[in-house]
Amino acid sequence: MSSPEQWTHPEPGAGPAATAAEPTPEQVIAGLRATTEGGADLTQLLTPEGERVASARFDPYVTDIDAEALRNLYRDMVLVRRADRESNAMQRQGQLGIWVPLLGQEAAQIGSGRALRPSDMAFPSYREHGVAWTRGVDFRELIGIFRCSDHGGWDFQHHGFHPYTIVIGNQVLNATGYAMGQKFEGKVGDDNGEATIVYFGDGATSQGDVHEGFVWSAVYDAPVVFFCQNNQWAISEPTERQSRLPLYQRARGYGFPGIRVDGNDVLACLAVTRWALDECRHGNGPVLIEAFTYRMDAHTTTDDPTRYRLSDELEEWKLKDPIERVRAHLARGGGADQEFFDKIDAEADSFAAELRDFVFNMPDPPPERIFENVYAEPSPVLEAQRREYLSYLEGFAGSEH
């Protein structure tokens, strides 16, 4: 039987461990606070004010990040945010069926995505537009999903970026199986090893698929990084209603390390993910990263966050903006001037305009396309359905409706 001490100490120094099977009220409060505040274990390399924080453990993983590399990370985040905002607006104008905003989570996605090598594989949920960008997926291919014109047209093997997964948590099982394959094929064990990363939100940690992925990956030492973007809200449910402990501490129960990183700090996300991937490459098994961030917009464009959270909370997190802290750091240290920032803003506007033009002029796919690429080989049943459907549509030929 496990000790109550394992789950009644949410943070170091939170107080004495419970001696009974039930924690004290003080320990429950401490645990709830730890799920919604960074806590002492938060790994951070850039403060919200843009000041560099030294880390003996993680600085070695970002020695190559000079001013130019940081400018590139800044550019990544600005362009992805601009595309996100444009896509959000296009959905409101009826050009997209739905949109899943990433506003506020750019650092977690860009930092972790840039940590990957070409030989690695990433498994997203449905919000990882920033990770897709780092893997070379064209936004025009990505947006077809939300235009309802295709299921994702990119070559996932070429990009090392799996198709989006809509079923909550299911991608964790897919990623675990893929990582087990990497292990069985001997693709881990040294500096040249491969690794897998899988993205999911705090809400997905309540799903059985995630639990099963944790179990299997631990048993087989699968080289998979579980990257949880804890944006504080599983649609309308806050994290403290899902877990008494900080999410990264759940890894202990499965026998592999967990770490909490400031998800609004692109440098820390890059360093921690590089470390975690390195652990996996060398055959040291899975790692859980909890990127502590915040969803600045709605869960999707069908959601109204004003119904379940206060504006004061949003205003507090605006001060922790992931883009502004990099901008402040570059400006303070002389790594970039106003001309650079203006240039990136202009590039972002041009990028958004091109995306808008593409969406507004995107042709509707032919109706038979929904039957393509369903199976690797032709299926008699599917072919019969195709003929029946096209015959049904022909019945409307010449009709005004």
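The values are calculated or read from the model by the stated rules, or taken from the named source; none is laboratory data. These figures come from a predicted structure and were not determined experimentally. Quick reminder, even Gly has a Cβ in these numbers, built from the backbone with ideal geometry, and neighbours come from all protein chains shown.
Here is a yes/no grid of residues against (1) in contact with a helix residue (DSSP H, G or I) (Cβ under 8 Å, 6 or more places away or on another chain); (2) closer than 26 Å to D357 by Cα; (3) aromatic (F, W, Y):
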| site | (1), (2), (3) |
| --- | --- |
| G104 | yes, yes, no |
| A122 | yes, no, no |
| I166 | no, no, no |
| K187 | no, no, no |
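All conditions but one from (1) under 30 Å from Q91 (Cα atoms); (2) of a type outside the set (D, E, K, R); (3) in a helix (DSSP H, G or I) apply to G181; the one that does not is (1). Mind listing just one residue for me: the one in the range 293-307 that is of a type in the set (S, T, Y) and either assigned to a loop (DSSP other than H, G, I, E, B) or in contact (Cβ under 8 Å) with a residue 40 or more places away in the chain (or both) and, of those, surrounded by the most Cβ atoms within 10 Å (Cβ to Cβ)? Result: T293. Among residues of the range 343-361 that are part of a helix (DSSP H, G or I) and surrounded by 12 or more Cβ atoms within 10 Å (Cβ to Cβ), those with a Cβ under 6 angstrom from a residue that is basic (K, R) and modelled with pLDDT of 95 or more, sequence gap 6+ or separate chain, pair up as I344/R75; A348/R82; A352/R82.
Reported count of residues in the range 45-66, each being exposed (fewer than 13 other Cβ atoms within 10 Å of the Cβ) and touching a strand residue (DSSP E or B) at 6+ places or on another chain (Cβ under 9 Å), is 1. Residues in the range 53-99 that are under 21 Å from the mean Cα position of the chain (by Cα) and of a type in the set (D, E) were compared, and the one that is farthest from L142 (Cα to Cα) is D76. Within the range 363-401, the residues that satisfy the criterion of being at pLDDT 90 or above and either surrounded by 12 or more Cβ atoms within 10 Å (Cβ to Cβ) or of a type in the set (K, R) (or both) are S379, L382, Q385, R386, R387, Y389, L390.
Can you pull out every residue in the range 88-101 that is within 11 Å of H129 (Cβ to Cβ) and free of Cβ contacts under 8 Å to residues at least 40 places away in the same chain? Once the filter is applied, which keeps residues that are within 11 Å of H129 (Cβ to Cβ) and free of Cβ contacts under 8 Å to residues at least 40 places away in the same chain, the range 88-101 yields nothing.
When we screen A218, A179, A195 for residues that are surrounded by fewer than 21 Cβ atoms within 10 Å (Cβ to Cβ) and within 16 Å of E279 (Cβ to Cβ), the only hit is A218. Take the conditions (1) touching a residue at least 12 places away in the same chain (Cβ under 8 Å); (2) farther than 23 Å from E354 by Cα; (3) of a type in the set (V, I, T); T63 misses just one of them, which is (1). Among the residues making up the range 142-177, those that are free of Cβ contacts under 8 Å to residues at least 40 places away in the same chain, under 22 Å from P363 (Cβ atoms) and part of a helix (DSSP H, G or I) are L142, I145. Across the range 103-140, the number of residues qualifying as of a type in the set (D, E), out of contact with any strand residue (DSSP E or B) (no Cβ under 8 Å at 6 or more places or on another chain) and part of a loop (DSSP other than H, G, I, E, B) comes to 1. For the range 226-243, which residues satisfy the criterion of being surrounded by fewer than 24 Cβ atoms within 10 Å (Cβ to Cβ) and in contact with a Pro (Cβ under 7 Å, 6 or more places away or on another chain)? Once the filter is applied, which keeps residues that are surrounded by fewer than 24 Cβ atoms within 10 Å (Cβ to Cβ) and in contact with a Pro (Cβ under 7 Å, 6 or more places away or on another chain), the range 226-243 yields only Q232. What about V287, is it surrounded by 12 or more Cβ atoms within 10 Å (Cβ to Cβ) and free of Cβ contacts under 8 Å to residues at least 12 places away in the same chain? Judged against the criteria, V287 is not a match.
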